[in-house]
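Here's the structure, in structure tokens; my notes come after.
Please treat every number below as a calculation from the coordinates, not as lab data. This is a predicted model, so every value here is computed, not measured. Backbone-built Cβ (ideal geometry, glycine too); neighbour counts: all protein chains shown.
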Amino acid sequence: MSVLSALTDAMSSGAVEVVDLTTPLQESTPILELPAPFANTSRFRLEELSRYDDRGPAWYWNDIHTGEHTGTHLDAPNHWVTGRNGPDVSQVPMRTLVAPAVVIDRTAEVEKDPDFLLEVADLESWQSEHGPLPDGGWLLYRTGWEARGGTQEEFMNADDAGPHTPGVSTECARWIAQESPLTGFGVETVGTDAGAAGGFDPPFSCHHFLMGANRWGLTSLRNLGRVPTTGAVLVVCPLPIVGGSGSPARVLALVER
Ligand code: MN
């Protein structure tokens, strides 16, 4: 039997499940909020063109208004100044879009400390238990943050000091970008950087190192609890926006049951 026939048979029988890791896109979908004087991204919004009415009697359709970085989305290397000469989102390699994925789970730690940062030691101990990180694959960082995705306020978790959301340390970001074989890093939060990362050195160090090393980011992922620690295949479907720095994306995981 061919590999692909075996796959489609397994999907029919339920031996392989397709899990949707995407946040639904609507006006209430949480988005990044940068402080003044920085520009901010748009909320997702539909603008109705016709709905079986005088403007189009037999059809319903909308224009969409969205930022590139709204909802579940892919960050391209050219999103950051360190990757400014790197690929745009239309140039993402197919092997980055369909690639092996592994999960590191720090839900318990983040529940105690919303500013929790993943360290290199966490990835080293993960590897001694589960084997090497996948060459050309994705590391998905489960934090439980998706449970806060119902409102902007809970998702940002900000106070006078700024947002409190989990991320990775500066050294861990550098390690993922420069020493791991990964193609990208995916998170449940609004961005790949921790809420406090504006104050890191360099600021927003996850973006700084990943984009500067031609790595890719994925945000606002859901259902990581349904993805096994190892063995899943990630399917990432951004729009091929020519020159774009990112795109809302449907993200799926193929998971063996
Ligand atoms: Mn982004």
## Note on the structure
Scanning the stretch 93-126 residue by residue, the ones that are exposed (fewer than 14 other Cβ atoms within 10 Å of the Cβ) and under 19 Å from Thr230 (Cα atoms) total 4
## Note on the structure
Exception for Val81 within (1) within 16 Å of the ligand (Cβ to nearest atom); (2) of a type in the set (A, V, I, L, M, F, W, C); (3) crowded, with 19+ Cβ neighbours inside 10 Å falls at (3)
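Are there any strands (runs of 3 or more DSSP E) wholly within the stretch 1-77 with 1 or more residues that are within 16 Å of the ligand (Cβ to nearest atom) and not aliphatic (A, V, I, L, M), and if so which?
Details: elements: 16-20, 45-53, 56-65, 73-75.
The qualifying strands (runs of 3 or more DSSP E) are 73-75.
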### Message
Consider the stretch 210-238. How many of its residues are more than 14 Å from the ligand (Cβ to nearest atom) and either hydroxyl-bearing (Ser, Thr, Tyr) or more than 22 Å from Met156 (Cα to Cα) (or both)?
### Response
14
### Message
For the stretch 219-238: of the residues being of a type in the set (A, V, I, L, M, F, W, C) and more than 25 Å from Glu129 (Cα to Cα), which is nearest to the chain's Cα centre (by Cα)?
### Response
Val236
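Which of the residues belonging to the stretch 95-117 are assigned to a loop (DSSP other than H, G, I, E, B) and among the charged types (D, E, K, R)?
Here is the first cut: in the stretch 95-117, the residues assigned to a loop (DSSP other than H, G, I, E, B) are 106, 113-116.
Those that are assigned to a loop (DSSP other than H, G, I, E, B) and among the charged types (D, E, K, R): Arg106, Asp113, Asp115.
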#### Entry: Odd one out for Gly86 among (1) under 21 Å from Val227 (Cβ atoms); (2) surrounded by 14 or more Cβ atoms within 10 Å (Cβ to Cβ); (3) of a type in the set (Gly, Ala, Ser)
(1)
